[in-house]
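First comes the structure, then the notes that go with it.
FYI, it's all coordinate maths here, none of it is from the lab. Given the structure is predicted, the values throughout are model-derived calculations rather than measurements. Cβ coordinates were reconstructed from backbone atoms using ideal geometry, including for glycine residues, and neighbour counts include every protein chain displayed.
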Protein chains: 2
Amino acid sequence: MSHMLYHRLMALDRDQVLRSAAALLTRKSTATMDEVAKAAGISRATLHRHFAGRDALVRALEALGIEECEAALEVARLDEGPAAEAVHRLVRAIEPAAGLLSFLYTENQLFEGEQQHQGWARIDERLTALFRRGQESGEFRIDLTPAWLTEALYGLLASGAWAVAEGRVAAKDFTYMIVELLLGGARRTNA
Amino acid sequence: MSHMLYHRLMALDRDQVLRSAAALLTRKSTATMDEVAKAAGISRATLHRHFAGRDALVRALEALGIEECEAALEVARLDEGPAAEAVHRLVRAIEPAAGLLSFLYTENQLFEGEQQHQGWARIDERLTALFRRGQESGEFRIDLTPAWLTEALYGLLASGAWAVAEGRVAAKDFTYMIVELLLGGARRTNA
DNA sequence: AGCATGTGAGACATTCTTGTCTCACTACAG
DNA sequence: CTGTAGTGAGACAAGAATGTCTCACATGCT
């Protein structure tokens, strides 16, 4: 196996392992390296060849989550059109990654002392900018701060993913439920 | 020390230990028994005399959370007046327990195989009943299911508690932010 | 004083997870 | 065929957390 080919295949393997690890840890956040390996269909030794340890695995998952978030931000074109529609596009684009996001959202609470990944700060900034844009254009109310709306979006994505996984809401309603609640709220508008 | 007095003091101690454990685990969900004991100002041995093990401690915290939730449900008088105001009273009453709720909300994901505490089912039922009542009275929209509204409330309580702990929103705005977002949403009403 | 109770400190074995290493096996390229 | 690379299985030690136990000390009652 040539040098080039080796690296290409390893990268593929690594990504697939990462995906299955994400899927498993989304359901059981305390899964051991052995369980992660078995879920990926490889041995613990091979898992360790891909990721130096559990820490490295979580870091890689974090990088994957940031990557998918930023990809979703690109797809959603947050700067174009009404902010409400941009939020809708965003949630739709981010839905596949919601489970992983949910895992990372709770996992981040463990990185207490250490600084959190710079990528999250950039994503936060782009989200708050979106909500701020909505406020300045008159679409969104100004008494709910952009920072809170961002945090609430994370929370709703997490509970949405959890509710879908538990079967309490249909997967096809995920985006609708979140966007409608975040933007419109539960109160019936008499319009 | 008499028999009666013994039990009374133990109960007091136990409750205080439980409170401090809740406060600690809310911030660091992976704290060890040793850390929990130190945070409570007692030794690990004494902690073990109160709670047979970490499992028993978490169970006791779960019972405490259920207890405080049901107390909040009573205080909020969910059956009286407009459903929207009942939601407001509920969030205000449940605010002190939001941190503990947040901890239990994520911890529950670990009780995968086992059945969850029956108390949560009762609380869920009362919350969905509240949202259903709001729908039937015409206050709430009918396209967001009561089950989802209940789940979303949990999620918003969790992110609210987290955002306050991180200093991203002011503690005094906790109830307002959650209630306004849950009921009114981010979109500005042109009324 | 004498006694009982609760506590803190620490030792100890146990269990679980992790990280490292070795060895045999398979697939594939030359 | 032969060597090389990757893998799986398993052994192994190290570390952390838990659960249990003992012992000395303090407190308060009789």
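In this simple spin-label approximation, A:Asn108 and A:Arg168 carry label points 7 Å from Cα along the Cα→Cβ vector, and these lie 2.2 nm apart. Measure nothing fancy, just the Cα-based angle from helix B:83-94's long axis to the longest principal axis of chain B, in degrees from 0 to 90, nearest 10. It works out to around 20 degrees. Distances between copies at A:Glu136, taken between label points 7 Å from Cα along the C-beta direction, are 4.8 nm in increasing order.
Comparing Cα centroids, segment A:48-94 and segment A:20-47 end up 21 angstrom apart.
Relative to the longest principal axis of the Cα atoms of chain A, helix A:3-27 runs at roughly 60 degrees. Reducing segment B:130-162 and segment B:163-182 to their Cα centroids gives an inter-centroid distance of 17 Å. Averaged over the residues of A:158-166, the number of partner chain Cβ atoms lying within 10 Å of the residue Cβ comes to 5. The calculated FRET efficiency for B:Ser137 paired with B:Gln16, based on their beta-carbon distance and R0 = 30 Å, is about 0.10.
What percent do you get for the relative contact order of chain B when only Cα pairs under 8 Å and 6+ apart count?
After rounding, I find 19 percent.
Give the average, rounded to an integer, of partner chain Cβ atoms located within 10 angstrom of each Cβ in B:134-145.
Per-residue shielding by partner chains comes out at 4.
Kirkwood analysis of the Cα pair distances in the protein assembly as shown returns a hydrodynamic radius of 22.4 Å. With label points defined 7 Å past Cα in the direction of Cβ, position A:Ala171 shows copy-to-copy spacings of 4.3 nm, given to one decimal and shortest first.
The label-point distance for B:Gln116 and A:Trp120, in a model that sets each label 7 Å from Cα toward Cβ, rounds to 2.4 nm.
Using the alpha-carbon atoms, what tilt in degrees (0 to 90, nearest 10) does helix B:54-76 show relative to the longest principal axis of chain B? Tilt of helix B:54-76: around 40 degrees. Taking 7 Å steps out from each Cα toward its Cβ at B:Lys38 and A:Asp55 produces label points 1.9 nm apart.
Per residue, the convex hull around the alpha carbon atoms of segment B:51-121 comes to 97 Å³. Using a 7 Å projection from Cα along Cα-to-Cβ, the label point at A:Ala52 is separated from the same position in the remaining copies by 4.2 nm, smallest value first. When you work out D = kT/(6 pi eta Rh) for segment B:49-90 at 37 °C and 0.692 mPa s, using the Kirkwood radius from C-alpha pairs as Rh and the Stokes-Einstein form, the result is 277 µm²/s. Considering only chain A, the C-beta nearest to the rotation axis that sends A to B is found at A:Gly185, 2, the distance in whole Å. Dividing the summed helix terms, -39500 (n - 2.57) for each DSSP H run of n ≥ 4, by the number of residues in chain A produces a 222 nm estimate of -22500 deg cm²/dmol to the nearest 500.
Highest average first, the peptides B:171-181, B:20-30 ordered by how many other beta carbon atoms sit within 10 Å of their residues are B:171-181, B:20-30.
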